[in-house]
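Accompanying notes for the structure given below.
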Amino acid sequence: MTTSLQEITEIEEQYQLATYKKMPIVAERGEGVWIYTSGGERYLDLYGGHAVAGTGHCHPHVVKAIREQSEKLLFYSNLVYSGTRARAAEKLVSVAPDSLTKAFFCNSGTEANENAMRMARFATGRENIITFGGGFHGRTADAISATFLGKYREIGKPNVPGHLKAEFGDIESVRLVADESVAAIMLEPIQSMAGVKMAEPTFYRELRRLCDERGIILIYDEVQTGVGRTGDWFFAGSAAGNCVVPDIISLAKSLGSGVPVGACLVNERIASHIKENDLGTTFGGGMIAMAAVTATLEAIEIDRMLENVRDVESYLRERLKEIEQVVSVHGRGFLLGLEFAESAKAVHEGLLAQRIITGTSSDAKVLRLLPPLCLQKEQVDLFVESLRKT
Ligand SMILES: Cc1ncc(COP(=O)(O)O)c(C=O)c1O
């Protein structure tokens, strides 16, 4: 079997398109907050594979559910009913804000956003979607056209028509473009890739009010903030977001603990406009993904991970005060941006040399942490000590 870093690197580079800058690690096994390499080294994973490992790597409850389901039925589409799908939909709706009563399952974050925008267009009969500078919504045609971050719209050219831009946190900039052509306002409530940026709590309330006044659908892209990451099940409905509940939430990333799955949660107003064949996808709602969704949500409850996120976030913030190079800490829960006075690249590399995986962002000064929701205080201590050395 091929195991060495060099051999595997060479083969991947020969046979895979070079679309990502990779760390020099061959990930072979994962357990909780740890990744083990083919060389037997252990890395503390504060990035969770792009925010996917919410329940930690290979949570036993999730692994068991996937294994058991795989022995019964790997897949059947939405042309049949399924107990596994029924349980996942019921469980997901049960943890959502009360007004979000129905789920649509798909396979990724970009697909969830495409469907969210489509539903808003169905519900209003309007075409335009307002999104924000700094927001990231995915790489398929409509989602990338809604992404006013860096060069993404450029990559996605020719862009889909029907997209308008406003400034995150600036309600006046939204008012200016929110006319009767606008179907939806869509936002990442915490802009992750932009450097973990949050708006003032009043901004979310004002957006909700504006949408209600002008008949516009409010969509939260909770692909990163959802499923417990902020210490609440969702940013929607949370005190941090001024208890604002949107009409649609889009989800993906950690929803299946690593099994690809996306979802939209919608309210009755939206649901009433969706008819047979308006939306669809072959793999959405497949049994393996659905077993993973239910088990993921159960694991978060069983291990009291929401409480853990809040508790360990406070501890981490307290300990980070010891590191004077960290000039501020943005975000909430386990979606945190550590801002340095200078580029965070050297810090990222220095931590990696000490076997700690973190993330960068499109703001060069911001180091991003998106650890599993089961991160413990002793691992925070290890991180802070390594940061000090770096
Ligand atoms: C906020 C947000 N929305 C959408 C997406 C797209 O998700 P996916 O890569 O699953 O298509 C991402 C991915 O990073 C994201 O962070």
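The values are calculated or read from the model by the stated rules, or taken from the named source; none is laboratory data. As the structure is a prediction and not an experimental result, all values here were calculated from the model. All Cβ positions, even for glycine, are placed from backbone atoms using ideal geometry, and neighbour counts span all protein chains on display. Accessible surface is based on the protein model in full, side chains and every heavy atom, while ligands, DNA and RNA are left aside. Shrake-Rupley method; radii C 1.70, N 1.55, O 1.52, S 1.80 Å.
For the reader, a short list of remarks on this structure follows.
- In this structure, residue 64 and residue 322 have a Cβ-Cβ separation that, at R0 = 41 Å, corresponds to a calculated FRET efficiency of about 0.55.
- Extension gain from residue 173 to residue 302, taking 0.36 nm per residue of separation minus the Cα-Cα distance: 42.1 nm
- Taking all protein chains into account, the per residue accessible area for the chain stands at 46 Å² (1.4 Å probe).
- Of the GluC sites (Glu not before Pro) found in segment 217-294, the ones in coil according to DSSP and having at most 14 other Cβ atoms within 10 Å of their Cβ are 276.
- Take every DSSP beta bridge whose two residues both sit in segment 153-307; close to 45 percent of them are antiparallel.
- Candidates 16, 354, 376, ranked by Gaussian network fluctuation over the chain, Cα under 10 Å, top entry: 16
- Within the accessible area of segment 61-117 (1.4 Å probe), percent carbon and sulfur: 57
- The chain, helix-only ellipticity at 222 nm - DSSP H runs n ≥ 4, -39,500 (n - 2.57), divided by all residues, nearest 500: -11000 deg cm²/dmol
- The trypsin sites (Lys or Arg not before Pro) found in segment 1-31 that occupy coil by DSSP, while having at most 10 further C-beta atoms within 10 Å, are 21.
- Residue with peak Gaussian network fluctuation, the chain [Cα springs, cutoff 10 Å], from 296, 140, 225: 140
- Segment 76-180: C-alpha gyration tensor shape, a/c 1.5 cut-off, then a/b vs b/c: prolate
- Taking 79, 210, 44 in turn, the Gaussian network model of the chain (Cα-Cα springs below 10 Å) assigns the largest fluctuation to 79.
- Placing pseudo-labels 7 Å out from each Cα toward the beta carbon at residue 271 and residue 28 gives an inter-label distance of 4.8 nm.
- Projecting the Cα atoms of 106, 181, 80 onto the dipole axis of the chain, where Lys and Arg carry +1 and Asp and Glu carry -1 at the beta carbon, places 80 farthest toward the positive end.
- Computed from the C-beta positions of residue 157 and residue 354 and an R0 of 41 Å, the FRET efficiency is 0.50 to the nearest 0.05.
- The calculated FRET efficiency for residue 205 paired with residue 377, based on their beta-carbon distance and R0 = 45 Å, is about 0.85.
- Surface share of carbon and sulfur [accessible, 1.4 angstrom probe, percent] for segment 283-390: 49
- Loop-located GluC sites (Glu not before Pro) across segment 300-383 with a Cβ neighbour count of 15 or fewer within 10 Å are 322, 324, 342, with loop assigned by DSSP.
- Ranking 241, 150, 252 by how far each Cα lies toward the positive end of the dipole of the chain (charges on Cβ) leaves 252 at the top.
- Global form of segment 55-102, assessed from the alpha-carbon gyration tensor, a/c cut-off 1.5: oblate
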